[in-house]
Amino acid sequence: MSTVYRMAWRNLGRNAKRSRVTGLGLALALALCMATLALMDGLSQELIQGTTEGEVGHIQIHEPRYLDSRALRRSVPADAQALAALRSAEGVQGVSARLYAFAYLSHGSRSSGVQLLGIDPEQEAAVTVLHRKRSSGEWLSAEATPWRQAQALSEAQQAADQALTEAAIAEAFARLEGRASSTATPTPTPAPSPTATSGADASLALAEQLAPGPSRRPGVVLGAKLAANLGLSADPEGRWGQVLELLVEGAHGVQSHLELEVRGVLQTGLDHQDRSRLLLHLSDLQHMLQLPDQAHEIALRLTDPGQADARAVALQAQLGEGQQVQSWSQLRPDVLALIAANRALMGTLVFIVFLIAGVGVLNTMLVSVMERQRELSLLKALGLAPSKVLLLVMAETVLLCLAGGLAGLTAGAALVGWLQVHGLDVSRFGEFSLSGVGMAPVLRAQLSAAGAALPLAMLVLISVVSALVPALWAARLAPAAGMRAQ
């Protein structure tokens, strides 16, 4: 066996230029495939990390029908005791409760519909990196805004409230009936009477007593594009402080009108969030929606992300059917599908590259065998078995692949190392996101053992298969015919 490999190595050196060109081609193919797979692994890891650290977390808890309806009253308990129980669960590193709502925001003559997101800044920082997305100004204060204490209505006030409600209903029906019976000539709309004005003031006073506002303006952080649409900008020293007006409807149908103070601006890289997202303290939104100690979503961060599915099953058994527990892969199956599709595409491209490399090996070995017909025929005439001839040609192929593979591994490792440190800058193409997940503007490679071993194995396999044609031809070559070849 050692004699065959020594002869194979000598034969590769007989036409060193051709062997070097073929080996360099194999090395280049292997290095590029390693870099491509490493970039894809880095992209997949970035996609998963962006999904879990951006907002989803590793596990989320909802009311079973909340995700289908997004109804305000479909909430789960988020009091201190419930959150402490979740934090004490096995494998849980952080817990963050959140509230969502839609509202109407205005500043001066400009206005916009917004999505409100209530978070506890300290809790959220233990689950996601949302606080790192702040591009200007300050972050939300860790201390909740003080709100005035609500007071129950007395019997006289309840009676007055009932009377005001009936009067408002009667006035509404009267307007409808008057509008239905009006002729083509419109009648001028009468000015509001002092009685109606005093009734509205009384209703506002009762509502303020039942749901009083905050003692000071709550601080908020809004998306960068939303701030631009509202005509907001920081002063020369980078401070904000503008006053916004918010109209929001609570869980019980009561509308609240509040003034908010801008603390900073958030830039996530996702257009729908930067254009419509407004962040405020969880406690403030709980007061606005009249949902004390409630949350629409509780996000969990685990010490071992790979245990997300198993921990979700365990928490579901612990919490019962009143709450729905899902891992990030259940919440975002589109991310897993995108990763699988990308890997399938990269696998196809790698196969095509190595197929081309295999054609090069086939051409090299076929030309080498054709040039050595007389030599191979002489060896067979001297008693070399056809199987040994086949083994000789295959040994040349394997040695050529190993030499090219070693060079390719070295070049590929260097290229992947450079991509890990410097990355591939895609910021010139604008904001970059996949499946609604904001991605870093620099793609970085991530080399794994499989990312190096798999391309090398495919290279050797395709090259060996390609070399079977010239090897079989050489094994079947008749000595007499080969000796007569020029």
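Of all residues in region 235-247, none are surrounded by 18 or more Cβ atoms within 10 Å (Cβ to Cβ) and of a type in the set (Gly, Ala, Ser).
What tally of residues in region 109-146 results from selecting those that are under 28 Å from residue 303 (Cα atoms) and part of a strand (DSSP E or B)?
Taking region 109-146 as the starting set, the residues that turn out to be under 28 Å from residue 303 (Cα atoms) are 117-134, 139-143.
With the extra rule that they be part of a strand (DSSP E or B), the set shrinks to 117-119, 134.
Within region 109-146, residues that are under 28 Å from residue 303 (Cα atoms) and part of a strand (DSSP E or B) number 4.
Note on region 367-426: among residues that are out of contact with any Lys or Arg (no Cβ under 9 Å at 6 or more places or on another chain) and outside any helix (DSSP H, G or I), the one that is most open to solvent (accessible area, probe 1.4 Å) is 382. Pairs meeting the criteria (first residue in region 258-282 and farther than 15 Å from residue 119 by Cβ, second residue open to solvent by 40 Å² or more (accessible area, probe 1.4 Å) and among the acidic types (Asp, Glu), beta carbons under 7 Å, at least 6 apart or on different chains) are 259/245; 269/431.
Would you check if residue 406 is more than 30 Å from residue 61 (Cβ to Cβ) and in contact with a strand residue (DSSP E or B) (Cβ under 9 Å, 6 or more places away or on another chain)? Against the criterion (more than 30 Å from residue 61 (Cβ to Cβ) and in contact with a strand residue (DSSP E or B) (Cβ under 9 Å, 6 or more places away or on another chain)), residue 406 does not qualify.
Restricting attention to region 2-38, which residues are farther than 28 Å from residue 350 by Cα and in contact (Cβ under 8 Å) with a residue 60 or more places away in the chain? Result: 4, 5, 7, 8, 9, 11, 15. Got a number for residues in region 109-142 being of a type in the set (Gly, Ala, Ser), surrounded by fewer than 22 Cβ atoms within 10 Å (Cβ to Cβ) and either more than 27 Å from residue 237 (Cβ to Cβ) or at pLDDT 95 or above (or both)? So the count comes out to 3.
The set of residues in region 317-341 that are touching a residue at least 40 places away in the same chain (Cβ under 8 Å) and under 14 Å from residue 51 (Cβ atoms) comprises 326, 327, 328, 331, 332, 334, 335, 338, 339. One residue stands out in region 216-228 among those that are more than 26 Å from the chain's Cα centre (by Cα) and not charged (D, E, K, R): the one that is surrounded by the most Cβ atoms within 10 Å (Cβ to Cβ), namely 218.
How about region 7-108: which helices (runs of 4 or more DSSP H) wholly inside it have at least 2 residues that are touching a helix residue (DSSP H, G or I) at 6+ places or on another chain (Cβ under 9 Å) and open to solvent by 40 Å² or more (accessible area, probe 1.4 Å)? Don't jump to the end; show me each part of the working.
Values: elements: 16-51, 66-69, 80-87.
Answer list for region 7-108: 16-51.
Would you check if residue 97 is modelled with pLDDT of 90 or more and in contact with a strand residue (DSSP E or B) (Cβ under 6 Å, 6 or more places away or on another chain)? The answer is yes for residue 97.
Mind checking which helices (runs of 4 or more DSSP H) fall wholly inside region 249-355 and carry at least 3 residues that are hydrophobic (A, V, I, L, M, F, W, C) and open to solvent by less than 60 Å² (accessible area, probe 1.4 Å)? Per the criteria, 282-289, 308-319.
Can you spot a residue in region 58-74 that is of a type in the set (Phe, Trp, Tyr) and within 25 Å of residue 462 (Cβ to Cβ)?
From region 58-74, those of a type in the set (Phe, Trp, Tyr) are 66; that's our starting set.
Filter again for within 25 Å of residue 462 (Cβ to Cβ), leaving none.
Within region 58-74 (the criterion being of a type in the set (Phe, Trp, Tyr) and within 25 Å of residue 462 (Cβ to Cβ)), the answer is no, since none of the residues qualifies.
The values are calculated or read from the model by the stated rules, or taken from the named source; none is laboratory data. Note that the coordinates shown come from a computational prediction; the quantities given were computed from them, not determined experimentally. Note: ideal-geometry Cβ built from the backbone for every residue, glycine included; neighbour counts use all protein chains shown. Ligands, DNA and RNA are excluded from the accessible area calculation, which covers all protein heavy atoms including side chains. Shrake-Rupley method; radii C 1.70, N 1.55, O 1.52, S 1.80 Å.
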